[in-house]
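As structure tokens, the structure follows; a few thoughts come after it.
Just so it is clear, none of the values below were taken in a lab; they were calculated from the coordinates. Worth saying up front: this structure is predicted, and the values here are computed from it rather than measured. Backbone-built Cβ (ideal geometry, glycine too); neighbour counts: all protein chains shown.
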Ligand code: FES
């Protein structure tokens, strides 16, 4: 990343890539990561902070292993966004903007994710899910919990 920044005509054009790289390393954009990233690109921490808080996919606070971005675009609103959010909140026992105590899930709102034909929709990682129903949401959550358990079991075996 540092090489790319050195070679870039305008280093700040790599700001999103830098934030994502830092986030992947630290889990979220810590104050130190933001300061270091800004220094690398010749930006002020405030300039990078403004970008970080503009994008829905950069996090200034710790988030769960799976961040559930629930689309709150107008088409999803018309097709059941409210019931999707309510179901997720009840199933996970947290509100929008919160993370489950086990650190697995965070629910966040996001603008249209481009899957209006699958509305109401949500994005987890790079994968879109929809049209969502309570059953489909339960199925997705179950699958992700199983994935996390398998990953944890694999890590325990390697120790
Ligand atoms: S409005 Fe939700 S995917 Fe477009």
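A few comments on the model shown:
- Cα centroid separation - region 91-159 against region 31-79, whole Å: 18
- Point-to-point label distance, residue 10-residue 35, nm (Cα→Cβ direction, 7 Å offset): 2.8
- Within the chain, helix-based [θ] at 222 nm, where runs of 4 or more DSSP H residues each add -39,500 (n - 2.57), nearest 500: -15500 deg cm²/dmol
- Rounded to the nearest angstrom and listed largest first, the equivalent-ellipsoid semi-axes of the chain from its Cα gyration tensor are 31, 21, 13.
- Bridge type composition, region 66-158 - antiparallel percent by DSSP, nearest 5: 55
- Annotation: the antiparallel percentage among DSSP beta bridges lying fully within the chain is about 55.
- Most to least packed among 67-75, 94-102, 127-135 [average Cβ atoms within 10 Å]: 67-75, 127-135, 94-102
- Region 66-158 shape via C-alpha gyration tensor axes, a/c threshold 1.5: prolate
- The value of relative contact order for the chain, using C-alpha pairs under 8 Å at least six residues apart, is 18 percent.
- Tensor-based shape of region 115-155 (alpha-carbon gyration tensor, a/c under 1.5 rounded, otherwise prolate or oblate): oblate
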